[in-house]
Protein chains: 2
Amino acid sequence: MTTSNANRSHVDRQASIPVADLQRFISGVLAAVGMPAEDAATVGGIMAQADARGADAHGVFRLPAYVKRIRAGGINLHPDMRIVEERAATALLDGDNAMGHLVMKRAADLAIEKARHSGIGWVGTRHSNHAGPAGLYARMPLAHGMIGIYMAVGSANHMPPWGGIDMLLSTNPIAIAVPAASRPPIVLDMATTTAAYGKVKALAQRGESMPEGWMVGRDGKPLRDPKRSDEGFLLPIGGPKGYGLALMFGVLAGTLNGAAFGRDVVDFNKDFKSVTNTGQAVAAIDVSAFMPLARFEDCIDDIWAQMKSSAPLPGAQEIRLPGEQSAMTYDERIAHGVPLHPELIATLDELARSVGAAPLP
Amino acid sequence: MTTSNANRSHVDRQASIPVADLQRFISGVLAAVGMPAEDAATVGGIMAQADARGADAHGVFRLPAYVKRIRAGGINLHPDMRIVEERAATALLDGDNAMGHLVMKRAADLAIEKARHSGIGWVGTRHSNHAGPAGLYARMPLAHGMIGIYMAVGSANHMPPWGGIDMLLSTNPIAIAVPAASRPPIVLDMATTTAAYGKVKALAQRGESMPEGWMVGRDGKPLRDPKRSDEGFLLPIGGPKGYGLALMFGVLAGTLNGAAFGRDVVDFNKDFKSVTNTGQAVAAIDVSAFMPLARFEDCIDDIWAQMKSSAPLPGAQEIRLPGEQSAMTYDERIAHGVPLHPELIATLDELARSVGAAPLP
C-alpha cells in the first residue's frame, strides 16, 4: 500500500484527510522513529486536534521538524517525567526533555486535579519542548467545568526588548478558555507580537508582502518583505505593552520554573539537538469554587449575545468572539477532514517513506 | 489654619507635598465625610502610594470624585465584607459596596495567606469599587516573596468589541509584579487599550491632539481631537488581540465573581449613586513553591541586565523594564514630595473646606 500511494501523483491524492486518519498517520510516524506506542498515540491525537481546530502551523505541518529533532537525539523518547516541587495548588513538572505535548498533557491533568480540590491548580514545566497551539492546553480544563489558562516561552527569539535590537524575547503566547452553555467556549489564543513568526514564513512562501506593523529592521524602519525577515524582528502588540506581556509571560512560564528565557532560549528551527529546556505554565480554575457552573455558562452565553448585538463599525467585518473561527473550522474539519496542501502531502509522503511508516491514506 | 491656607494664592502654595502629608490629608477628608478612621487611614495610605509611584490619575486626583460618590450614597462606609465562597487556594469576597481600596487590600491579604499554604492564592471580588492603580495590588505579594497578578473590570466602558461600535468593554487592566534581588521589582501595569482614558482627558485639558491609534470615531475614522472623545472610542492594543484580552480579563475579574461586565457596567464618571458591583481578581504565587526565592530574585536581576544590555534601536529611547520609571518616580517623590498642579491644589483646598477637613499643608 505504501508503494501504491507513493506512486500516485499529487493530483490523485485526497486533499482532505479525516482527523482520525491524520492522527493514525502522525502516531505511526512517531512510533516508527522509536516513540513508545502509547505516547505516539497521545501526541498524534493532540497534533491532529491542532489541525482540526485550524492551527495549521502547529499540527502535522510540524511533524517533519519533530522527526528531525527526534533523529538528532534532541528529544528524549523514554523520559522520566517528575514532579520536582509540589504544594496543594501548585506543582513544578520536569519533563526530562520529552515531547512537549506529553509534558503539557500531564501538566494540564495535574492542574485540573489540583483545581478540583483547591479551587485552582497552577503547574509549571521545565525541560519540556514545543507543544503546539496554546489553545489546546487552555481547553483541557473545559471538560471539567473549569477555566484554563496557558502561557509559554516561545521556541525561538524573534523580538528585542522595546527600544533595542537584540533578540531576547519570543512571541510568548497566552491562551485563556472559558466554557459556555449553548455556544462554543470562548478561547483566546494569541502571540504577544502583532503577527506570529509562522505567518511571516507563510507570506514568504506565497511571495506576498507583510502589512506595516508586523516587523521592523535593525534600522528601525518598517520591513515589508517577508523573505528578508532575518534582517529584522517582530513587533509587540501595543509597543511597550506587548513587550511587557512577552516579558512577564516568559518569567511566569520560564524563569519561575527554571526553564530557558532570554539568551538561553534555543532556536528550535536551527538547532535540532540541544536540550531546549522549554518552559510552560498551565492553570485550571474550578468555576464551581466561585459560582454554580450552569449559571456561569449562561453568563458566557450572554456575553456572546451582547458582543454579537453591537452595531457594526462601518467597513468592518463581522464581530467575532475569540475561538469562534476555530469552532467553525473544527465542525467543518470533523465532518469533511483536514485540507492539506499538495506540497505538504508530498513532504509527508516522503517523511513516511524515509521512516518506514504507513503513508496518508 | 484652614482659613490662612485658603486665603493664600496658588503661587504661595507648596508645589510638592510630602507623601505622609498627602496621606494625612486624604484620610482627613475621608474621615470628615464619615469614613471610620481606620478605613480612612488605609485608603489614604494606598491613594498616597499611588501618587508616590507616579500613577497621578489614580491618587489624590480621584479624591473629589470619591467624596462626591460617598456623599451621594454610592459607597457603603460601614460595609460587612464577607467571603462568600472559599476553597484552599481560592475565595470570592463580596465587598458590600465598600471603597475598592479596602476590598482589594483584604483580597490581596487573603490571596497571600492562601499562597503561603497552597503555593497560589486567587481571590475574586464583587460589589467592590474603583481601587486605583492595578500595580499597587500586584505589588502587595512582593514583600512576602511572592509574585502578584491583578485584573479588573474598568469602571466605565470606552471600547466596543472588535468590529463594532457599542461600548461594551472597558480598558480592563492587568498588572503582574515579580521580585528582584538588587534591582526594583519588575511591575507591568497596563490597560488593554492603546491609551488609558485618563490620558485622553489629560490631553484635552492641555489642548493637545491625540496620536493616531488611540481612538476612532463611530465612522471608523481616526479621532485626534481629545475634546471630541465622546464621539468615538478607545482602540485595543493589537486590534482583535487587545479586544480578546479585555474580554477575558473582564470574564476572570467580573463574570466569574458575579460582578458587572458588559452592559451592566456603571459609568462611575457619570453615575455617582448606583452600586457599581465592580469586580477584580488578585493572585499571589509563592516563589518558594517553585524554587528558592533568592535564586529566583537573582534570575530577575539577570533579566534586568540582559534587557539593558541590548544594542539600541536607532532613534529609540533607553530600554526600560516595566516598573522602572515608577521606581525612579517613587524614590524622587519619597525624597522630595509629590508635585501637584496648582489647579488640583485649588480643587483640593475647596474640597477640604467643603467637608470641614484640614487642608494640604
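Using a 7 Å offset from Cα along the direction of the beta-carbon, what are the separations from B:Lys270 to the same position in each other copy, nm, ascending?
5.4
So which residue of A has the beta-carbon closest to the axis that swings A onto B, and how many whole Å away?
A:Ala89, 2
Within chain B, which complete DSSP H helices have Cα atoms spanning at least 15 Å along the helix axis and a mean Kyte-Doolittle hydropathy of -0.5 or higher?
For chain B, where a helix must reach 15 Å along its axis and average at least -0.5, the hits are B:19-32, B:37-52, B:100-118, B:240-253, B:293-309, B:342-355.
Among A:Gly337, B:Ala32, B:Met151, whose Cα sits farthest toward the positive end of the charge dipole of the protein assembly as shown (+1 at Cβ of Lys/Arg, -1 at Cβ of Asp/Glu, about the Cα centre)?
Ranked along the dipole, the leading option is A:Gly337.
Would you mind listing the distances between the B:Ala20 label point and the same position in each other copy? Use 7 Å along Cα-to-C-beta, nm, one decimal, shortest first.
Relative to the other copies, B:Ala20 has label-point distances of 7.6 nm.
Within the P(r) computed for chain A, what percentage of the Cα pairs occupies the region above 38 Å? Let's see the in-between values first.
Values: 10968 of 64980 pairs.
Result: 17 percent of Cα pairs exceed 38 Å.
What does the convex hull of the Cα atoms come to per residue for region A:194-235, in Å³?
52 Å³
Label position 7 Å from Cα toward Cβ: report the copy-to-copy distances for A:Ala57 in nm, one decimal, ordered from shortest.
Between copies, matching label points for A:Ala57 lie 3.2 nm apart.
So how do A:Leu234, A:Leu348 line up by other beta-carbon neighbours within 10 Å, fewest first?
Sorted ascending by nearby Cβ count, the order is A:Leu348, A:Leu234.
Restricting to bridges with both residues inside the protein assembly as shown, how much of the DSSP beta-bridge set is antiparallel, in percent to the nearest 5?
For the protein assembly as shown, the DSSP antiparallel bridge percentage is about 90.
Counting other C-beta atoms within 10 Å, which of A:Asp225, A:Asp286 has the fewest, and how do the rest follow?
Values: A:Asp225 16, A:Asp286 24.
Lowest count first: A:Asp225, A:Asp286.
Taking a threshold of 29 Å on the Cα-Cα distance, which of the pairs A:Lys227/B:Lys241; A:Lys221/B:Lys227; A:Lys105/B:Lys241; A:Lys241/A:Lys273; A:Lys68/A:Lys114; A:Lys68/A:Lys201 fall above it?
Among A:Lys227/B:Lys241; A:Lys221/B:Lys227; A:Lys105/B:Lys241; A:Lys241/A:Lys273; A:Lys68/A:Lys114; A:Lys68/A:Lys201, the Cα-Cα distance tops 29 Å for A:Lys221/B:Lys227; A:Lys241/A:Lys273; A:Lys68/A:Lys114.
For B:Thr42, B:Thr125, which order do you get if you count the other beta carbons within 10 Å of each Cβ and list the fewest first?
The fewest-first ordering by Cβ neighbours comes to B:Thr42, B:Thr125.
List every residue whose amide H lies under 5 Å from the amide H of B:Gly164, counting only residues 5 or more places away in sequence or on a different chain, with H placed 1.01 Å from N in the peptide plane.
A:Leu313
At 222 nm, what value in deg cm²/dmol follows for chain A if DSSP H runs of at least 4 each add -39500 (n - 2.57) and the sum is divided by all its residues, to the nearest 500?
-12000 deg cm²/dmol
Sequence gap at least 6, Cα distance under 8 Å: using those rules, report the relative contact order of region B:194-235 to the nearest whole percent.
Answer for region B:194-235 is 41 percent.
Would you mind computing, in nm to one decimal, how far apart the modelled labels at A:Asp264 and B:Asp301 are, each placed 7 Å from Cα along Cα→Cβ?
Each label point is offset 7 Å from its Cα along the Cβ direction, giving 1.6 nm.
Relative contact order for chain A using alpha-carbon pairs under 8 Å, separation at least 6, rounded to a whole percent?
23 percent
Ratio to report: Rg/Rh of region B:5-160, with Cα atoms as the point set and Rh obtained by the Kirkwood method; give two decimals.
1.01
With N set to the residue count of the protein assembly as shown, report its C-alpha Rg divided by 2.2 N^0.38 Å to two decimal places.
Dividing the Cα Rg of the protein assembly as shown by 2.2 N^0.38 Å gives 0.98.
Looking only at chain B, where both bridge partners belong to it, what percent of the DSSP beta bridges are antiparallel (to the nearest 5)?
Taking every DSSP beta bridge within chain B, about 90 percent pair in antiparallel fashion.
Which FRET efficiency value, to the nearest 0.05, is calculated for B:Asp219 and B:Val275 with the Förster distance at 51 angstrom and r the Cβ-Cβ distance?
Between B:Asp219 and B:Val275 the formula returns 0.90.
Values in this text are rule-based calculations from the coordinates and carry no lab data. Computed from a predicted structure; not experimentally measured. Methodologically, a virtual Cβ is constructed for each residue, glycine included, from the backbone with ideal geometry; neighbour enumeration extends over all protein chains shown.
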